[in-house]
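Below you'll find the structure, written out as structure tokens, and then a few comments.
The values are calculated or read from the model by the stated rules, or taken from the named source; none is laboratory data. Predicted model, so just to flag it, every value in this text is computed and none were measured. Positions of Cβ are generated from backbone atoms using ideal geometry, with glycine treated the same way; all protein chains shown enter the neighbour counts.
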Ligand code: PGA
């Protein structure tokens, strides 16, 4: 197994290390293509990236990892639900001079988006979080390693995590329950993968995904990362 584990002191240290890796990537290859995630986990990384001065983004290509789809018949998300494009703009993208590729503009043609991501032999760096059910991006349990970029139903556990049980019970009909996700196949085509996991409640799923005696399987999509030659798992807990 070629997974490297780095255990830091807290979520801010995870964010800082992740930001340094992005910086190193851009310094060594200014025209890097980088896939960025949303969620709570990467927020300290975006804050740390915002503090790095003189980072040259001008030749880089930035991609979204996934994006919500509108529920049938709706033309806007309800209050408090942000598109992932909006999230990325808010936390980083609007402040950097890079070429940005918005999945939200291509929700009807996921494979065309995958083609852009795969240009020049795939992304240089893909940054991921991990769901409590082992999903990466929105490749939910049941996703094989050759999953294409596609529209998916979000797992119930994911809906509860993202919207909270109370809101889900109240507003289910108007909340996004589908998304387009970069497929595992395109993620695994990345030259380098960085997975961030913070909070000790994620320890169990990290052990399940990367345990030495557990074979990769659709039951835990993150476990497919063990087949990749260059994965770094950055945590604020010992694994
Ligand atoms: P989180 O989400 O960072 O909000 O825990 C991670 C994920 O679902 O990939």
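Computed values, structure above
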quantity	calculated
Residue 140 within 21 Å of residue 209 (Cα to Cα), surrounded by 15 or more Cβ atoms within 10 Å (Cβ to Cβ) and within 14 Å of the chain's Cα centre (by Cα)	yes
Hits in the range 74-105 (condition: in contact with a helix residue (DSSP H, G or I) (Cβ under 7 Å, 6 or more places away or on another chain), touching a residue at least 40 places away in the same chain (Cβ under 8 Å) and within 26 Å of residue 147 (Cβ to Cβ))	101, 103, 104
The lone exception for residue 164 - which of (1) at positive phi; (2) crowded, with 20+ Cβ neighbours inside 10 Å it fails	(2)
Residue in the range 21-36 that is outside any helix (DSSP H, G or I), without any contact (Cβ under 8 Å) to a residue 60 or more places away in the chain and within 16 Å of the ligand (Cβ to nearest atom) present	no
Exclusive hit being more than 30 Å from residue 200 (Cα to Cα), part of a loop (DSSP other than H, G, I, E, B) and at pLDDT 95 or above, set 75, 56	56
Index of the failed condition, residue 100 passing every other in (1) assigned to a loop (DSSP other than H, G, I, E, B); (2) more than 15 Å from the ligand (Cβ to nearest atom); (3) within 30 Å of residue 30 (Cα to Cα)	(1)
